[in-house]
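> The structure under discussion is supplied below as structure tokens; questions concerning it will follow.
The numbers here are math on the coordinates, done by the rules we state, and not lab data. For clarity, every value in this text was computed on a predicted model and none was experimentally measured. We place every Cβ from the backbone using ideal geometry, glycine too, and count neighbours over all the protein chains shown.
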Amino acid sequence: MNLDFSQIVPYIPFMLEGVWVTLQFVIIAIIFGFILGSLISLVKISRFTLLKWLADFYTSIFRGTPLILQLLLIYYAVPQLTGYDISPFLSAILTFGLNSSAYVSEIIRAGIQAVDKGQREAAEALGIPYRPMMIKIILPQAMKNILPALMNEFITLTKESALVSVISYLDLMRRAQVVSSDIYRSFEPLIFVGLLYYAMVMVLTLIGKYVERRMRASD
């Protein structure tokens, strides 16, 4: 087999640096997507028909089109339409955050609606306002049920982050391509970067399982 991993040794620090570069925008996008998705989910279960329709339309757009198309539209369309030269980093955050919020909103909505209706009725009977009821009673119960689905969404987001290489953002995948063009070998840098992605996903999986156990133990 024509393999020579020794050729990528000088490039290992360069590729390892891509882990933090990738995690930077992924973490921000996850936080942004979670906050926005939570707000959208509350709109979806509200009594305002127009807002519910807009929230559903927003979700259908981001769930019904390819992520790479959304990324390219934001990266290329924003400068064309507004004259603002958006950076690859900001494009990545916006695209992945907006896309994730659409999925997160559906996950949280389903979790809220899965909570026993008697909980809400009891809170309303006690005169508890809507906002404290959602924050202190409904959402904590919903979070316990939807945590695995949320972690799965965050893991998917981490893996799909490789798409930002198409807009020349120096993430892990882009760095593997740079090394490949330097040494004229693709397999070795791609395998190395693949192992780094796998390690990140495994860490996220372990964190998710740990948090899930803690939440169950607190019941």
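> Compute the length gained on full extension between residue 46 and residue 136: take 0.36 nm times their separation in residues and subtract their Cα-Cα distance, giving the result in nm to one decimal.
Length gained, residue 46 through residue 136: 30.6 nm.
> Could the peptides 189-201, 33-45 be put in order, highest first, of the mean number of other beta-carbon atoms found within 10 Å of their residues?
By packing density, highest mean first, the sequence is 33-45, 189-201.
> Taking the Cα atoms only, what angle lies between the long axis of helix 12-44 and the longest principal axis of the chain, rounded to 10 degrees?
20 degrees
> Let me ask something additional. Lysine pairs in the chain with alpha-carbon atoms under 21 Å apart, 8 or more places apart or on different chains: how many are there?
10
> What FRET efficiency would be calculated for the residue pair residue 182, residue 2, taking the C-beta separation as r and a Förster radius of 22 Å, to the nearest 0.05?
Numbers: r = 18 Å, r/R0 = 0.80.
So the FRET efficiency works out to roughly 0.80.
> Extension gain residue 207-residue 122, at 0.36 nm per residue separation less the Cα-Cα distance, in nm?
27.2 nm
> Now a separate question. What per residue convex hull volume, in Å³, do the alpha-carbon atoms of the stretch 1-93 yield?
In the stretch 1-93, the Cα convex hull volume per residue is 167 Å³.
> Another question about this same structure. Can you give the angle from 0 to 90° between the axis of helix 67-82 and the longest principal axis of the chain, with both taken from C-alpha atoms, to the nearest 10?
So the inclination is approximately 90 degrees.
> Mind computing the radius of gyration and Dmax over the alpha-carbon atoms of the stretch 1-50? Å is fine for both.
So, for the stretch 1-50, Rg and Dmax equal 21.3, 64 Å respectively.
> To test your reading of the geometry: what angle, between 0 and 90 degrees and rounded to tens, separates the Cα axis of helix 49-64 from the longest principal axis of the chain?
The two axes meet at around 20 degrees.
> With +1 on each Lys and Arg Cβ and -1 on each Asp and Glu Cβ, and nothing else charged, work out how big the dipole of the chain is about its Cα centre, in Debye to the nearest 20.
Here the size comes out at about 760 debye.
> Order of 186, 105 from fewest to most other C-beta atoms within 10 Å?
Fewest-to-most ranking of 186, 105: 186, 105.
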